[in-house]
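Asks: Submitted below is the structure of interest, expressed as structure tokens.
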Amino acid sequence: MEKKNINWGELGFGYMPTDYRFISNWKDGKWDDGVLSTDPNVVISECAGVLQYAQTVFEGLKAYTTEDGRIVCFRPDLNADRLEASCKRLQMPVFPKDRFIEAVREVVKANAAYVPPFGSGATLYLRPYMFGSDAVIGVKPATEYQFRILCTPVGPYFKGGVKPLTVRISDLDRAAPKGTGNIKAGLNYAMSLYNIVDAHNCGFDENIYLDPGTRTKIEETGGANILFVTKDNKVLTPKSDSILPSITRRSLMYVAKEYLGLEVEEREIELAEIADFAECGLCGTAAVISPDGKIVDHGKEICFPAGMTEMGPVTKKLYDTLTGIQMGKLPAPEGWIEEIM
Ligand code: PLP
Ligand code: COI
């Protein structure tokens, strides 16, 4: 199969339509068989549930070319599980896990020419999503839904690739106690747009949100979870019911313990203690693990000893090991790699 003529190394994290996307519709209480379509446009009612009351959820995962030329995906079963949790919270029908994985496989195969080559620094990002597609005017769930998977080749999520980031402690909240912070719903991102634009305007790469109940504990950023490394090389990550349960974070915690032999802990992390830590990283499908060199808390700068020029040593080992597993250079734990072709 001939690859598309794309300058893979120059790609940022942007959208480019590819040849095929998967579409399935829920109507009269069931999903149809689903099709691959060449049409990138969606046509829905002007009064669709998604347009009026933001009834939409999504996922993000990637396809990779391995060193020996296979195309694989990373833990799509966990995306299916999380989509199920998101759907249930927003009163939407569940797209069955086996069909989700099959649809991922179909989309990747159909767009194989867009899967960036091994070593290019780029990957194929898949965006499964679902929305209420028929008209609602009173506040209630839609009765018809569309599930789609689009894909687009992407480079690094943060400009500058692996250069350490500067993030600020946010004054706004992304989640409420007992709210929807733990699901992947568009509404959690709509409310973050003002804040991310403001952060960029003020010279910061991202916002760190604090726990919405007490505003004393670290939660996550607008698009990634957070890991810290202590001065004695322990990997810590915040425990909270209002952060998105990141698949990358779960994988990195496993890698830290089982591959790197490090102590790991998920616990509440006070804002007041982070100045003592050695390294900080933002982790997610898009972010992989991006080093954070500096956190600014209302003018007070917390500078991690790893500095602003390169990744800290533990962050680098985590990055190399995780991407090594994803790209087939290192053996993967059972069930982590879905071989597509
Ligand atoms: N937190 C938020 C708010 C996100 O948008 C993402 C991205 O998916 C993550 C965390 C990381 O989750 P995952 O590692 O499953 O991609
Ligand atoms: C992902 O990492 O898949 C996400 O959805 C994050 C998003 C902010 C791009």
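Asks: For I289, work out the one condition from (1) in a strand (DSSP E or B); (2) surrounded by fewer than 21 Cβ atoms within 10 Å (Cβ to Cβ) it doesn't fulfil.
Replies: So I289 meets the others, but not (2).
Asks: Do the conditions hold for E220, that is, is it within 12 Å of ligand 2 (Cβ to nearest atom) and either on the phi > 0 side of the Ramachandran plot or free of Cβ contacts under 8 Å to residues at least 60 places away in the same chain (or both)?
Replies: yes
Asks: Being surrounded by 21 or more Cβ atoms within 10 Å (Cβ to Cβ) and either in contact with a strand residue (DSSP E or B) (Cβ under 7 Å, 6 or more places away or on another chain) or free of Cβ contacts under 8 Å to residues at least 40 places away in the same chain (or both) is the requirement here; does E279 meet it?
Replies: Judged against the criteria, E279 is a match.
Asks: Check region 261-274 and report whether any residue there is closer than 25 Å to D77 by Cα, in the same structural domain as N207 (by TED's automatic domain parsing) and among the acidic types (D, E).
Replies: yes
Asks: Follow-up question, since we're still on this one. Report whether or not L282 is part of a strand (DSSP E or B), of a type in the set (A, V, I, L, M) and at pLDDT 95 or above.
Replies: So L282 passes the test.
Asks: Kindly provide the set of residues from region 322-335 that are more than 12 Å from Y259 (Cβ to Cβ), in contact (Cβ under 8 Å) with a residue 40 or more places away in the chain and not polar (S, T, N, Q), ordered by number.
Replies: Those that are more than 12 Å from Y259 (Cβ to Cβ), in contact (Cβ under 8 Å) with a residue 40 or more places away in the chain and not polar (S, T, N, Q): M327, G328, K329, G335.
Asks: Being more than 14 Å from the chain's Cα centre (by Cα) and closer than 26 Å to D77 by Cα narrows it down to one of L193, L187, so name that one.
Replies: L187
Asks: From D19, D68, D32, D28, which residue is without any contact (Cβ under 8 Å) to a residue 24 or more places away in the chain, assigned by TED's automatic domain parsing to the domain that holds L150 and in contact with a Phe, Trp or Tyr (Cβ under 9 Å, 6 or more places away or on another chain)?
Replies: D32
Asks: Name the residues in region 96-135 that are over 17 Å from E67 (Cβ atoms), within 16 Å of ligand 2 (Cβ to nearest atom) and hydrophobic (A, V, I, L, M, F, W, C), would you?
Replies: F100, V104, V107, V108, L126, M130, F131
Asks: Continuing with this model, one more query. Has region 265-282 got any residue that is within 16 Å of ligand 2 (Cβ to nearest atom) and under 15 Å from P164 (Cβ atoms)?
Replies: yes
Asks: Whether any residue in region 238-246 is among the charged types (D, E, K, R) and either in contact with a strand residue (DSSP E or B) (Cβ under 9 Å, 6 or more places away or on another chain) or within 15 Å of ligand 2 (Cβ to nearest atom) (or both) is what I want to check.
Replies: Taking every residue of region 238-246 in turn, at least one turns out to be among the charged types (D, E, K, R) and either in contact with a strand residue (DSSP E or B) (Cβ under 9 Å, 6 or more places away or on another chain) or within 15 Å of ligand 2 (Cβ to nearest atom) (or both).
The values are calculated or read from the model by the stated rules, or taken from the named source; none is laboratory data. No experiment lies behind these values; they were computed from the predicted model shown. So basically every Cβ, Gly included, is an ideal-geometry build from the backbone, and we count neighbours across all protein chains shown.
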